[in-house]
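See structure below.
The values are calculated or read from the model by the stated rules, or taken from the named source; none is laboratory data. The shown structure was predicted, so the numbers you read here are calculated from the model rather than taken from an experiment. Positions of Cβ are backbone-derived with ideal geometry, glycine not excepted, and every protein chain shown enters the neighbour counts. Areas reflect the complete protein model, heavy atoms only, side chains present, ligands, DNA and RNA absent. Shrake-Rupley method; radii C 1.70, N 1.55, O 1.52, S 1.80 Å.
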Amino acid sequence: MTPDTLARLRLARTEGIGPLTFRKLIARHRDPEAALAALPALSTTRATPYQPPPAAEAEREGAALAQLGGRFVFLDDPLYPPLLALLPDAPPVIAVLGDAPLLAAPAVAVVGARNASAAGRRVAEQLAEALAGKGLTVVSGLARGVDTAAHEGALRSGGTIAVLPGGIDVPYPPENAGLAARIAGRGAVVAESPLGTAPLNRHFPRRNRIVAGLSLGVVVVEAAHRSGTLITARLALEHGREVFAVPGSPLDPRCRGSNDLIRQGAHLVETAEDVLDHLPDAPRAGPLFDPSRMAPANAETAPEAADPLGPPPEGTGEVLELIGMSPVSVDEVLRRCHLTAPELQAVLTDLELEGRVELLPGHRVMRSANG
């Protein structure tokens, strides 16, 4: 592992350094080694100082991944999936087993209920098989039910990508370990969390944003109200991706969320052609914090590169007043403050650096415990 790669991995694995903070640190400090060196100074305003993992620990993770036959793909790597890179909170690094170039291929996500009906599983399997047969990569989350059926169907005719909620060496659920191995052999398995990470509840929304981020569109097959599947659909909408849903019985609570998506304007899907007819070549208008509004990853063009820390942005007090201990949409904060989107982004990332707020998936923010 080169010094640059090692520094990037240590920075990405530092507790409290989220995707937005990672990008801003790289932009401000020119390279990851300089960003690591700046963490002690940034920790003076935090109740819990930034503590990057030791170099030996990061080296061990890299060696363990290599032994599995995988590799790390960093945000500025040519192999990094271009659609995923459009997300404002795109993972700074992902671990990949299998065909890494497949991550850049046109893809559609097929997701749905873990306790899916037999009919729902059959629909997901047939849709995925047909979509993969048309040259699209099918993305899903390796979960029970619809996800499993989608992966199985896609493997019969093409490629599929499984996104794991924990470490790439911890397939979840455990009974899908064999399926994950087959996908790694014929497609790709992706994970954001460090190796050995057991999946926790908070990991699943982060997994869902990657599923949506890799895809031009998301097909929902059976989803109850307030389900994780609907989080994926919402994230897809926020990032300009198309949303599709298979209609189900109004008597089945597993279909109420997916039927409601259709009521709200999602494309109704019965066959693969219904997806193909409405699938764009590229995402629609980007989210609030799209790459053009973010601090550039290239330090040579970063406006703040000459001043590593820079003055505190104006409007900090106003923004903090609008953010509480419960997550709130960044769009809502933008509507209620006098700042422009780039100015608000600068305030939020500086507050995250200071440990006063947490930036969450789905363009949400909340006050941290020591904020």
query = Taking a spot 7 Å from the Cα of Thr271 along the direction of its beta carbon, which residues of the range 125-154 have an amide N less than 16 Å from it?
reply = 126-134
note = Amide H contacts under 5 Å for Arg364, restricted to residues at least 5 apart in sequence or on another chain and with H modeled in the peptide plane, are Val330
query = Under 5 Å between amide H atoms, partner at least 5 residues away or on a different chain: which partners does Tyr50 have, H built in plane at 1.01 Å?
reply = Ser43
remark   = With the 1.4 Å probe rolled over protein heavy atoms, the chain has an accessible area per residue in Å² of 42 Å²
request  = Between Asp77 and Arg263, with labels modelled 7 Å along Cα→Cβ, what's the label distance in nm to one decimal, could you check?
outcome  = 4.4 nm
query = What's the FRET efficiency of Arg226 with Arg46 using the Cβ-Cβ distance as r and R₀ = 30 Å, to the nearest 0.05?
reply = 0.30
Binned Cα-Cα distances of the range 188-263, short to long, each 5 Å bin given as a whole percent = 3, 16, 24, 20, 17, 11, 6, 2, 0
request  = List the residues whose amide H sits under 5 Å from the amide H of Asp99, counting only those 5 or more places along or on another chain, with H placed 1.01 Å from N in the peptide plane.
outcome  = Gly187, Ala188, Val189
Directionally averaged shadow of the range 32-140, computed from the convex hull of its alpha-carbon atoms, nm² = 10.5 nm²
For the chain, the fraction of alpha-carbon pairs in successive 20 Å shells from zero, as % = 30, 56, 14, 0
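Among 326-333, 208-215, 180-187, how do they line up from the highest to the lowest mean number of other beta-carbon atoms within 10 Å?
Details: 326-333: 16.1, 208-215: 28.0, 180-187: 19.1.
Most protected by this proxy first, the peptides run 208-215, 180-187, 326-333.
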query = When the dipole is taken about the Cα centre of the chain, and only Lys, Arg (+1) and Asp, Glu (-1) are charged at their Cβ, what size is it in debye, to the nearest 20?
reply = 820 debye
query = Length gain on complete extension for the stretch Lys134 to Leu322, per 0.36 nm per residue less the alpha carbon to alpha carbon distance?
reply = 62.9 nm
ask   = So, with a 1.4 angstrom probe, what is the percent of accessible area on the chain that is carbon and sulfur?
value = 53 percent
key: Bins of 10 Å, starting at 0 and running to the largest distance - Cα pair percent for the range 59-119   = 19, 39, 27, 14, 1
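Note down the magnitude of the dipole of the range 184-266 about its Cα centre, charges +1 on Lys and Arg C-beta and -1 on Asp and Glu C-beta and zero elsewhere, to the nearest 20 debye. Present the calculation step by step, with values, prior to reporting the outcome.
Values: 11 positive and 6 negative charges, 37 e Å.
Using Cβ point charges on Lys, Arg, Asp and Glu, the range 184-266 gives about 180 debye.
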message = Using only Cα atoms and rounding to the nearest 10 degrees, what angle (0 to 90) does helix 3-12 make with the longest principal axis of the chain?
response = 80 degrees
request  = Putting +1 on Lys and Arg Cβ atoms and -1 on Asp and Glu Cβ atoms, find which of Ala63, Leu322, Ile168 reaches farthest to the positive end of the dipole of the chain.
outcome  = Ile168
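In deg cm²/dmol, rounded to 500, what helix-only [θ] at 222 nm does the chain give when every DSSP H run of at least 4 residues adds -39500 (n - 2.57) and the total is split over its residues? Please report the intermediate quantities before stating the final value.
Working: 15 runs with 150 residues, N = 371.
Mean residue ellipticity at 222 nm (helix-derived): -12000 deg cm²/dmol.
Out of every Cα pair in the range 86-204, what percent are spaced more than 22 Å from each other?
Pairs farther apart than 22 Å: 28 percent.
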ask   = Rounded, prolate or oblate: which fits the range 115-179 when a ≥ b ≥ c are the square roots of the eigenvalues of the alpha-carbon gyration tensor, with rounded for a/c under 1.5 and prolate only if a/b beats b/c?
value = oblate
key: Of every Cα-Cα pair in the range 139-220, the percent that sits beyond 19 Å   = 28 percent
key: Estimated FRET transfer efficiency when R0 is 45 angstrom, pair Arg156-Cys337 (beta carbons, to 0.05)   = 0.30
